[in-house]
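Asks: Structure below; questions to follow.
The values are calculated or read from the model by the stated rules, or taken from the named source; none is laboratory data. The structure presented is a predicted model; accordingly, all values stated were derived computationally and were not measured. Here Cβ is always computed from backbone atoms with ideal geometry, including for glycine, and neighbour counts include all displayed protein chains.
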Amino acid sequence: MTKFIILLLSIVFGLCCGFNLYNIITDLLTGFSTEYICFFCGVVFSLLVVSIFKRKLEFFSTFEHELTHNIWALIFFKKPMGFHVNPDGSGLFQFIPGGKFSDIFISLSPYFFPTSCFIWLPFHIICKEEYMWFYFLMMGIFFGYQVISTIHETGSFQTDISSHGVVYSYFVFIPLYIVFHGIILAHLTNGFSGIGDFLIFDAYENGQMFFQTIKIQLGS
C-alpha cells in the first residue's frame, strides 16, 4: 500500500508540474538575456566535459551520489551509518532503515534530486546583480552535470533501483526528476517566487485541468 501511494503521488505531482515545465523551458529558450545565455553555455560545457572525462570524474560522481543518499536520510531523520567512496569509483552509503516510505525516497534520491544545483541555489541570495551572469553560468554547469551523470548512473544494474523493482522505480523517480529539476528552472526564470508558482499555484491549476479532462472523458 505504501509503494502504491508513493507511486500515485509521484505520477500525479509529476504530471501537474510537467505541464508547467513546458512554459518555463520556452521562456528560457526565448528570453535571450545574458543570464539565460550563460546558463545554456554552462549546460553545454558541462555536458561535453562530463561525457569526455567520464572515467576521471567517477570519484566525484560517486561522492555526489552517496551524498544525495545521505542528505535524504537526514531529511527523514534516519541515522547515517557509513559513507564510503573508493578510488575506483565505487561507493556505499549505509543508514538505519525505518520504514518503506522513507527507504524508497532515500534509495532513489540520486536519480531525481540535483544535489549540486540545490547546494548552489542559496548563493542567489548573496549574489550581486552585476555578477548574476556568473550565478547562471555555474548553475548551468551544475545542471548539465546532473543531467549527464544521472544518465550515466541510471540503470537496472543499480541495486537502488532493482531492489524496489526496475519498472516501479522508474515510474517513481522520473516524475520526481521533472519536479526537482523544474524547481531549478522555475527559479531561474522567476526567482524564488517562481518556485512557489511552479509547485503550488500553476501545479494546482494544471491538476484541475487534468482531472477536469478526465471527468469529461469519463462522462462522454
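Asks: Just one of the numbered conditions (1) over 21 Å from HIS164 (Cα atoms); (2) free of Cβ contacts under 8 Å to residues at least 40 places away in the same chain; (3) β-branched (Val, Ile, Thr) is not true of VAL147; which one?
Replies: Tallying (1) over 21 Å from HIS164 (Cα atoms); (2) free of Cβ contacts under 8 Å to residues at least 40 places away in the same chain; (3) β-branched (Val, Ile, Thr), VAL147 fails exactly one: (2).
Asks: Let me ask you something else. Going by the conditions given, is SER46 crowded, with 16+ Cβ neighbours inside 10 Å, within 17 Å of the chain's Cα centre (by Cα) and closer than 26 Å to VAL172 by Cα?
Replies: Against the criterion (crowded, with 16+ Cβ neighbours inside 10 Å, within 17 Å of the chain's Cα centre (by Cα) and closer than 26 Å to VAL172 by Cα), SER46 does not qualify.
Asks: Let me ask another. List the helices (runs of 4 or more DSSP H) that sit entirely inside segment 92-199 and contain at least 2 residues that are at pLDDT 90 or above and more than 13 Å from the chain's Cα centre (by Cα).
Replies: Values: elements: 100-108, 115-120, 123-126, 132-153, 159-162, 166-196.
Hits in segment 92-199: 100-108, 123-126, 132-153, 159-162, 166-196.
Asks: What's the number of the only condition in (1) at pLDDT 90 or above; (2) over 20 Å from the mean Cα position of the chain (by Cα); (3) surrounded by 14 or more Cβ atoms within 10 Å (Cβ to Cβ) that LEU7 fails to meet?
Replies: Going through (1) at pLDDT 90 or above; (2) over 20 Å from the mean Cα position of the chain (by Cα); (3) surrounded by 14 or more Cβ atoms within 10 Å (Cβ to Cβ) one by one, LEU7 breaks only (2).
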